[in-house]
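Notes follow once the structure below has been shown.
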Amino acid sequence: MAIELPENVVISKLDQLANWCRKNSLWPMPFATACCGIELMATGASKHDLARFGAEVFRFSPRQCDLMIVAGRVVMKMLPVLQRIWQQMHEPKWCISMGACASTGGVFDTYSVVQGIDRFLPVDMYVPGCPPRPEQLIQSIIDLQDKIQREGTLNGREFNLESRQEPKRALVEIPSASLFDGARNPIF
Amino acid sequence: MATTDTTTLQALQGRFPAVTTSEFRGQTRVVVPSESLYDVLAFLKNDRGFDFLSDVTCVDYLNYRDAKDRFGLVYILVSTLTNERLFVRSFLNEPELAVPSAVPLWEGANWLEREVWDMFGIKFVGHPDLRRILLPPEYTAHPLRKDYPLQGRGERHNFPVLARNSA
């Protein structure tokens, strides 16, 4: 049975519509702890104008946000705070790990710095750089919008997929036994 | 120019003959036996007018060339009346890593001594609240000791891992 539709009606899936609304209205939660935070502020400021991508409303309350941008190194003592902020955010929510330190610990390979927040949190996008330029962060937000449009569902069931539960590692650790000899001297 | 008057040093050495003094790039240092550390600090504060404790810190001399002692405790004293500045040092060795607290003399020693305790594990006897100040309270090591590995002993892996659907 054919149904006559007016010309100004578009047929789509409800998931697609929800994704389209969500991706163009990301509300970032700036978890800015270091110099990456300065680039994050520059991204939101007038010169780079994150409003062009619908993500300019930074909120400092996690309950109003759906995109956590971890900009800077996270120390061990701060990690429970970071996890708590992440848990306080509404679903659907996403996480961008901005810069070398948040993604891998960067140069701070010490006892006190978390060697990549993806060991303890789910991360959707990694931004390389030390610190990344605002263009790189904007590109990651564009890529995240593509991801949301591609994979998102109305009730967020893609977050429950088995493949997304495993902790990721941006940095694959090489066993230190293969890098150092018995006296802790590096093997080249 | 030395930052400490010679009269101060003479008075200090007259009262405590075991104290040795030296000067390096205009900074006057005195080395005090740890038994008389509190008495020296009290003398400097009450009799010589060193009314401001600028810093308390510590150096680990493990594997340091020509070093005889393990830890060097440093008190940096300043007199706001005469602009004198004096570095009081005292060496400590395991297992006697305890000195009297300077909090009765300078209230500001409270957090400085907590930091030295946190990083080096030196006890300050009589401190009103000797807790860790920088590291998490459940931490067990004293990481600025030279025998502590830079990457730690796995203290940073104790947190729960949040899966994507667990929040």
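The values are calculated or read from the model by the stated rules, or taken from the named source; none is laboratory data. Note that the coordinates shown come from a computational prediction; the quantities given were computed from them, not determined experimentally. Every residue, glycine among them, receives a Cβ derived from its backbone with ideal geometry; neighbour counts consider all protein chains shown.
For the residues A:Ile96, A:Ile141, the requirement of being crowded, with 21+ Cβ neighbours inside 10 Å, in a strand (DSSP E or B) and not charged (D, E, K, R) singles out A:Ile96. Restricting attention to region B:98-124, the residues being closer than 27 Å to B:Leu9 by Cα, out of contact with any His (no Cβ under 7 Å at 6 or more places or on another chain) and either among the small types (Gly, Ala, Ser) or free of Cβ contacts under 8 Å to residues at least 40 places away in the same chain (or both) number 8. Given the criteria more than 10 Å from chain B (Cβ to nearest Cβ) and outside any loop (DSSP other than H, G, I, E, B), does A:Cys101 qualify? Criteria met by A:Cys101.
Within region B:41-55, does at least one residue satisfy the condition of being among the hydrophobic types (A, V, I, L, M, F, W, C), in a strand (DSSP E or B) and under 22 Å from B:Val116 (Cβ atoms)? The answer is yes, given that some residue of region B:41-55 is among the hydrophobic types (A, V, I, L, M, F, W, C), in a strand (DSSP E or B) and under 22 Å from B:Val116 (Cβ atoms).
Screening A:Gln136, A:Gln87 for residues that are closer than 17 Å to A:Phe159 by Cβ, free of Cβ contacts under 8 Å to residues at least 60 places away in the same chain and assigned to a helix (DSSP H, G or I) leaves exactly one candidate, A:Gln87. Within this structure, B:Tyr139 passes the test of being touching a Lys or Arg at 6+ places or on another chain (Cβ under 7 Å), among the hydroxyl-bearing types (Ser, Thr, Tyr) and either at pLDDT below 90 or part of a loop (DSSP other than H, G, I, E, B) (or both).
In the set B:Val103, B:Val116, which member is under 15 Å from the mean Cα position of the chain (by Cα), farther than 27 Å from A:Met78 by Cβ and hydrophobic (A, V, I, L, M, F, W, C)? Talk me through it step by step, then tell me what you get.
Numbers: B:Val116 fails: farther than 27 Å from A:Met78 by Cβ.
The match here is B:Val103.
Mind checking whether some residue in region B:125-144 is of a type in the set (Asp, Glu), within 14 Å of chain A (Cβ to nearest Cβ), in contact (Cβ under 8 Å) with a residue 12 or more places away in the chain and more than 26 Å from B:Ser36 (Cβ to Cβ)?
no
Part of a loop (DSSP other than H, G, I, E, B) and not charged (D, E, K, R): does that describe A:Val107? Judged against the criteria, A:Val107 is a match.
Residues in region B:118-154 that are more than 16 Å from B:Arg70 (Cβ to Cβ), surrounded by fewer than 17 Cβ atoms within 10 Å (Cβ to Cβ) and acidic (Asp, Glu): B:Asp129, B:Glu138. Out of the residues in region A:16-71 that are among the acidic types (Asp, Glu) and within 21 Å of A:Met89 (Cα to Cα), state the one that is farthest from the chain's Cα centre (by Cα). Step by step, filter region A:16-71, then rank; the result is A:Glu56.
Do we have B:Asp60 as within 14 Å of chain A (Cβ to nearest Cβ), within 27 Å of B:Leu44 (Cα to Cα) and either surrounded by 15 or more Cβ atoms within 10 Å (Cβ to Cβ) or of a type in the set (Val, Ile, Thr) (or both) here? Spelling it out, it is not the case that B:Asp60 is within 14 Å of chain A (Cβ to nearest Cβ), within 27 Å of B:Leu44 (Cα to Cα) and either surrounded by 15 or more Cβ atoms within 10 Å (Cβ to Cβ) or of a type in the set (Val, Ile, Thr) (or both).
Hey, can you tell me all the residues within region A:63-77 that are part of a loop (DSSP other than H, G, I, E, B) and modelled with pLDDT of 90 or more?
If the condition is that a residue be part of a loop (DSSP other than H, G, I, E, B) and modelled with pLDDT of 90 or more, then A:Cys65, A:Asp66, A:Gly72, A:Arg73, A:Val74 are the ones that fit.
The residue pairs whose first member lies in region A:139-167 and is under 16 Å from A:Leu17 (Cα atoms), whose second member is of a type in the set (A, V, I, L, M) and at pLDDT 85 or above, and whose beta carbons are closer than 7 Å, counting only pairs six or more residues apart or on different chains, are A:Gly152/A:Ala18; A:Leu154/A:Leu14; A:Leu154/A:Ala18. The set of residues in region B:68-111 that are among the small types (Gly, Ala, Ser) and assigned to a strand (DSSP E or B) comprises B:Gly72, B:Ser90, B:Ala98. In region B:145-166, the residue that is nearest to the other protein chains (Cβ to nearest Cβ) out of those that are out of contact with any Leu (no Cβ under 9 Å at 6 or more places or on another chain) and more than 26 Å from B:Tyr61 (Cα to Cα) is B:Ala163. Under the condition of being within 8 Å of another protein chain (Cβ to nearest Cβ), touching a helix residue (DSSP H, G or I) at 6+ places or on another chain (Cβ under 7 Å) and within 19 Å of A:Leu40 (Cβ to Cβ), the residues counted in region A:76-98 number 1.
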